[in-house]
């Protein structure tokens, strides 16, 4: 496993008197102490607080090397004693200095991410059966609908004597109203007589689509109910992605894909991803924008990963995403009056059976009004639903369904280069894999390539090479 590295804001200071001359040397042991440096700002001025730390191990719950004071170890780790003793003994020999070493292989290894980062393709290549390779194309999509809740709270620097009004104001917050998911599964004949499944044709053949839906009528914990159901549906998705031949390895998490979710939807449900039933196993990204969140069910050990479809395309909106990457027969995004209902009146408004008025679709945020033609399209669609709640469900589910075609087309486009799109986190990573896959396309597994010539001059790592290639000059 190697050494566990953890760097903290702990400074190890040696006291020194700069006024002393070099000739005045003493054998006196110079005392050392630790400080915690905390930075802050006040009225645009930088402020630094210094705290004397008497027990760094107790503060950080880590055991630090007594020689370099930089390497820390977790005492709860199973290999703590082995790693700590090994590091301390070597660090003592090095005098507390970190010595960088480079160990070069006798022969260079190729960089081929579409093989090295996909154990399934690597296994098939090793067995000369790459024709059996299939990309991950069963997944789950999701989308949230929200309503605005007025807050009107002031914060920041007071600008009145009574401190009631400050220089910043929090006007409103978006509250989750509903969530829907579409599950893409392998088609089975048993789905023929089941209304919960819809049969469609994709670049990968005939598949089944199933939708699930939850809203505030099912309780304030409807998001937790949705996550629990997603875990349940992911079991079948994982089985459908696996190979019929059990010897072929496949260990990828089930992808739960939203659109623009890393900037929006994740803020609505991220607090529900850690409880007594499931927990976050891996979080890649920033606190405000997660590129990938892996969640594991504590009982079943089932893992799902939340990702954003926009990781694989240029910035756009859902309607254009469906138009640009979908087929001509792909359904268009529906219409819903986002500003026509609020958190205070949503239940009253959505219980009505009549359609929304055209004025309800006016957007002050975008400074737009609905055209008569668009309103007629909405009326034609709305008459198929008994209440506005039913129309909301249709609208929410439609947003998850129109993602399927463009996602499948993107997955299929990468598949022609033997690249599994969902095994990478971004468009850049997939493009990088394609570049090296093209460079590697002429590789023949059955050819015995010549080994390194014994007459060739071996590479010797010199200090000058190290300085120019490894150490970055300022």
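The values are calculated or read from the model by the stated rules, or taken from the named source; none is laboratory data. Bear in mind that the values here come from a model prediction, so they are computed numbers and not experimental data. Because the Cβ atoms are built from the backbone with ideal geometry, glycine has one as well, and the counts that use them run over all protein chains shown.
Tabulated data
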read-out: Output for the stretch 266-287, where each listed residue is out of contact with any strand residue (DSSP E or B) (no Cβ under 7 Å at 6 or more places or on another chain) and closer than 26 Å to residue 215 by Cβ; value: 267, 269, 270, 271, 272, 275, 276
read-out: The lone exception for residue 414 - which of (1) at pLDDT 95 or above; (2) under 30 Å from residue 347 (Cα atoms) it fails; value: (2)
read-out: Filter result for residue 223 (part of a helix (DSSP H, G or I) and in contact with a strand residue (DSSP E or B) (Cβ under 7 Å, 6 or more places away or on another chain)); value: yes
read-out: Residue within the stretch 169-185 that is assigned to a loop (DSSP other than H, G, I, E, B) and surrounded by 13 or more Cβ atoms within 10 Å (Cβ to Cβ) present; value: no
read-out: Some residue of the stretch 29-43 being outside any strand (DSSP E or B), at pLDDT 50 or above, in the same structural domain as residue 89 (by TED's automatic domain parsing) and surrounded by 10 or more Cβ atoms within 10 Å (Cβ to Cβ); value: no
read-out: Test for residue 87: is it surrounded by 11 or more Cβ atoms within 10 Å (Cβ to Cβ), assigned to a helix (DSSP H, G or I), in the same structural domain as residue 56 (by TED's automatic domain parsing) and in contact (Cβ under 8 Å) with a residue 40 or more places away in the chain; value: yes
read-out: Hey, residue 356 touching a strand residue (DSSP E or B) at 6+ places or on another chain (Cβ under 9 Å) and outside any helix (DSSP H, G or I) or not; value: no
read-out: Hits in the stretch 258-287 (condition: without any contact (Cβ under 8 Å) to a residue 24 or more places away in the chain and either closer than 24 Å to residue 174 by Cβ or crowded, with 17+ Cβ neighbours inside 10 Å (or both)); value: 267, 270, 271, 274, 280, 283, 285, 286, 287
read-out: Some residue of the stretch 382-393 being buried (at least 18 other Cβ atoms within 10 Å of the Cβ), closer than 29 Å to residue 207 by Cβ, out of contact with any helix residue (DSSP H, G or I) (no Cβ under 9 Å at 6 or more places or on another chain) and not assigned by TED's automatic domain parsing to the domain that holds residue 323; value: yes
read-out: Failed criterion for residue 277 (all others in (1) more than 25 Å from residue 426 (Cα to Cα); (2) over 21 Å from the mean Cα position of the chain (by Cα) hold); value: (2)
read-out: Residue match in the stretch 351-360 (condition: outside the structural domain of residue 147 (by TED's automatic domain parsing), more than 25 Å from residue 212 (Cα to Cα), in contact with a helix residue (DSSP H, G or I) (Cβ under 7 Å, 6 or more places away or on another chain) and free of Cβ contacts under 8 Å to residues at least 40 places away in the same chain); value: yes
read-out: Number of the condition not met by residue 281 [criteria: (1) in contact with a helix residue (DSSP H, G or I) (Cβ under 8 Å, 6 or more places away or on another chain); (2) farther than 25 Å from residue 402 by Cα]; value: (1)
read-out: Odd one out for residue 302 among (1) surrounded by 11 or more Cβ atoms within 10 Å (Cβ to Cβ); (2) in the same structural domain as residue 259 (by TED's automatic domain parsing); (3) closer than 23 Å to residue 264 by Cα; value: (3)
read-out: Exclusive hit being farther than 30 Å from residue 250 by Cα, in contact with a strand residue (DSSP E or B) (Cβ under 9 Å, 6 or more places away or on another chain) and part of a helix (DSSP H, G or I), set 422, 392; value: 392
read-out: Answer residue from the stretch 127-151, given it is out of contact with any strand residue (DSSP E or B) (no Cβ under 6 Å at 6 or more places or on another chain) and free of Cβ contacts under 8 Å to residues at least 60 places away in the same chain and is surrounded by the fewest Cβ atoms within 10 Å (Cβ to Cβ) among those; value: 131
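Quick grid of which residues meet (1) without any contact (Cβ under 8 Å) to a residue 12 or more places away in the chain; (2) assigned to a loop (DSSP other than H, G, I, E, B); (3) more than 30 Å from residue 135 (Cα to Cα):
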| site | (1), (2), (3) |
| --- | --- |
| 335 | no, yes, yes |
| 349 | no, no, yes |
| 375 | no, no, yes |
| 400 | no, no, no |
| 405 | no, no, no |
| 408 | no, no, no |
| 412 | no, no, no |
